[in-house]
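Below you'll find the structure, written out as structure tokens, and then a few comments.
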Amino acid sequence: MRHFAFACDWDWVLHESVDFLKTHNINFWNFLGDNSEKPMVFANIPAIAIYFSDPDGHYLEFIGKLPGKYRPEKGSLVISYEEWLETEKNDT
């Protein structure tokens, strides 16, 4: 999937991005597979993100780098923010 990503403050992505997209009637999604309307975390980076599309159908993304170190062993694992917090707590 080719897309454009907008680097944002991670706290904004977590707490405000979904409301922003809803307010502007923009379709959005995550890869959590749970029908939730919340951003997802790419565990290896770590970064929090939400995908959406523009009126022309281009895929776009708000993404914010979370505090933490790059963990290539996590591969392409996508988890919720709550799961990421738990993993971080357990890995320290």
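Taking the Kirkwood radius as the inverse of the mean 1/r across Cα pairs, report the Rg/Rh of the chain.
Numbers: Rg = 13.1 Å, Rh = 13.5 Å.
Using Cα coordinates only, the ratio equals 0.97.
Lysines within cross-link reach of LYS22: Cα-Cα under 20 Å, excluding same-chain residues under 8 positions apart?
Output for LYS22: LYS38.
What is the sum of charges around HIS24, taking Lys and Arg as +1, Asp and Glu as -1, for the other residues whose C-beta is under 14 Å from the C-beta of HIS24? Intermediate results must be reported in sequence, preceding the final value.
Values: positive: LYS22; negative: GLU16, ASP19, ASP54.
Its environment carries a net charge of -2.
Charges on Cβ only, +1 for Lys and Arg, -1 for Asp and Glu, centred on the Cα centroid of region 11-92; of TRP12, TRP84, PRO55, which one is farthest towards the dipole's positive end?
The one lying farthest along the dipole's positive direction is TRP84.
If you line up the long axis of helix 81-91 against the longest principal axis of the chain, both from Cα atoms, how many degrees apart are they, to the nearest 10?
20 degrees
Suppose R0 equals 35 Å. What FRET efficiency, 1/(1 + (r/R0)^6) with r the Cβ-Cβ distance, do GLU86 and ARG2 give to the nearest 0.05? Intermediate values should be presented prior to the final figure.
On the way: r = 32 Å, r/R0 = 0.92.
The value I calculate is 0.60.
What number, rounded to the nearest 500 deg cm²/dmol, is the helix-based mean residue ellipticity at 222 nm of the chain, given -39500 (n - 2.57) per DSSP H run of at least four residues and division by all its residues?
Details: 3 runs with 24 residues, N = 92.
Result for the chain, helices only: -7000 deg cm²/dmol.
Using label points projected 7 Å from each Cα along Cα→Cβ, tell me how many nm separate TRP29 and LYS65, to one decimal.
Distance between the two pseudo-spin positions: 2.9 nm.
Leaving out same-chain residues fewer than 8 places away, which lysines sit with a Cα under 19 Å from that of LYS69?
LYS89
Collect residues whose amide H, placed 1.01 Å from N in the peptide plane, falls under 5 Å from the amide H of ILE45; neighbours closer than 5 in sequence don't count.
ARG71
What ³J(HN,Hα) values, in whole Hz, does the Karplus curve 6.51 cos²θ - 1.76 cosθ + 1.60 give for region 60-71 when θ = phi - 60°, with x put for Gly and Pro?
10, 8, 9, 9, x, 6, 7, x, x, 9, 5, 10
Values in this text are rule-based calculations from the coordinates and carry no lab data. Since this is a predicted model, take the numbers as computed values, not measurements. Ideal geometry is used to build each Cβ from the backbone, glycine not excepted, and the neighbour counts take in all protein chains shown.
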